Amino acid sequence: MTATVFLGGGRITSALVAGLRLAGYARPIVVHDRHPRKLQQLKRQYGVTAEPDLQRAVAQAGLLVVAVRPDSVGALLQQVGQLRRSLPAVSLAAGIPLSRLHARLGPAVHWARAMPSPVCRTARGLTAVTFDRGFPAASKRMVRRLFARLGQVIEIPESRFDAFTVTYSSSHGYHALAALAGAAQRLGLDRRSALTAAAHALGDGVVTWREGKIPLHRLLHEAATPGGVAATVMSAMDEAGYGRIVERALRKGIAHARRMT
């Protein structure tokens with residue numbers, strides 16, 4: 001059986017492999033990385049095949065997943081060289097368009113892009129995918145099934161990938177949790193109570209929206225009685241430019257992703 005081969009053994013590979021093992025993924029998993037310590041840790045934790053030789057790793061691939069930093073993709077693929085056999089490859093690198101990947105590895109390789117969340121390690125992740133023209137239908141199904149084991153999968157046009165990249169990160173939730181809990185502590189709550197209250201406000205509210213199928217505007221109306229405390233807090237945040245701050249931050253993220261390539 002051919003393997004799913006990850007080129008790069010960093011944090012996102014660790015999260016994906018953890019989620020795949022949790023989901024009972026049966027296909028062999030091979031990981032290549034230039035750092036032996038990373039390979040041994042992945043082998044010890046998840047039972048992957050650690051392959052320090054790049055060419056031997058690629059030779060085993062039925063699906064190739066490029067999981068290195070955007071500024072390392074070019075050099076890595078140059079080392080791989082031209083491949084003569086048909087092979088689906090998925091790039092996880094932010095900001096690098098399919099047009100830049102087409103010339104790499106040769107015309108037999110079909111490229112897709114995917115943006116998976118580190119939350120995939122719990123099988124509750126979210127992954128956006130997009131495929132180049134001519135990507136074989138059977139290979140599309142294989143890619144979708146791979147990421148579907150890790151959570152929800154959505155296919156979007158590549159033109160929207162950068163906007164998705166700066167929006168979907170679980171870091172937004174962690175950052176908001178830290179900010180809200182920190183503000184509550186400064187108002188007098190102890191750390192544990194502040195984190196519990198903030199986690200409920202953010203996490204349980206989002207779960208209610210996702211699972212209850214109630215429109216967001218109705219939930220906002222229900223949670224913030226006009227003239228009440230919650231409505232006053234939200235109004236103050238809006239007046240301080242909350243929405244504009246978020247948009248400005250996302251735009252900076254998009255600009256940074258494009259500079260990295």
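Quick note: the coordinates plus some simple rules give every number you see, no bench work behind them. Remember, predicted model here, so these are calculated numbers, not experimental data. Every residue, glycine among them, receives a Cβ derived from its backbone with ideal geometry; neighbour counts consider all protein chains shown.
For the reader, a short list of remarks on this structure follows.
- When +1 charges are put on Lys and Arg Cβ atoms and -1 charges on Asp and Glu Cβ atoms, the dipole computed for the chain relative to its Cα centre reaches about 820 debye.
- Cross-link partners of Lys38 among aspartates and glutamates (Cα-Cα below 17 Å; sequence separation of 8 or more within a chain): Glu51, Asp53
- In a reduced charge model with +1 at each Lys and Arg Cβ and -1 at each Asp and Glu Cβ, the range 1-93 shows a dipole moment near 180 debye about its Cα centre.
- Pairwise centroid distance, computed over Cα atoms, of the range 83-133 with the range 199-261, Å: 30
- Cβ-defined net charge surrounding Gly241, 12 Å radius [Lys, Arg +1; Asp, Glu -1]: -1
- Qualifying aspartates and glutamates (Cα of each under 19 Å from Cα of Lys140; at least 8 residues distant if same chain): Asp132, Glu155, Glu158
- When only Cα pairs below 8 angstrom with a gap of at least 6 residues are kept, the chain shows a relative contact order of 15 percent.
- log10 of Debye I(q)/I(0), alpha-carbon scatterers only, for the range 50-147 at 0.14, 0.20, 0.22 Å⁻¹: -0.51, -1.08, -1.29
- For the chain, calculated [θ]222 nm from helices alone, where every DSSP H run of n ≥ 4 adds -39500 (n - 2.57): -15000 deg cm²/dmol
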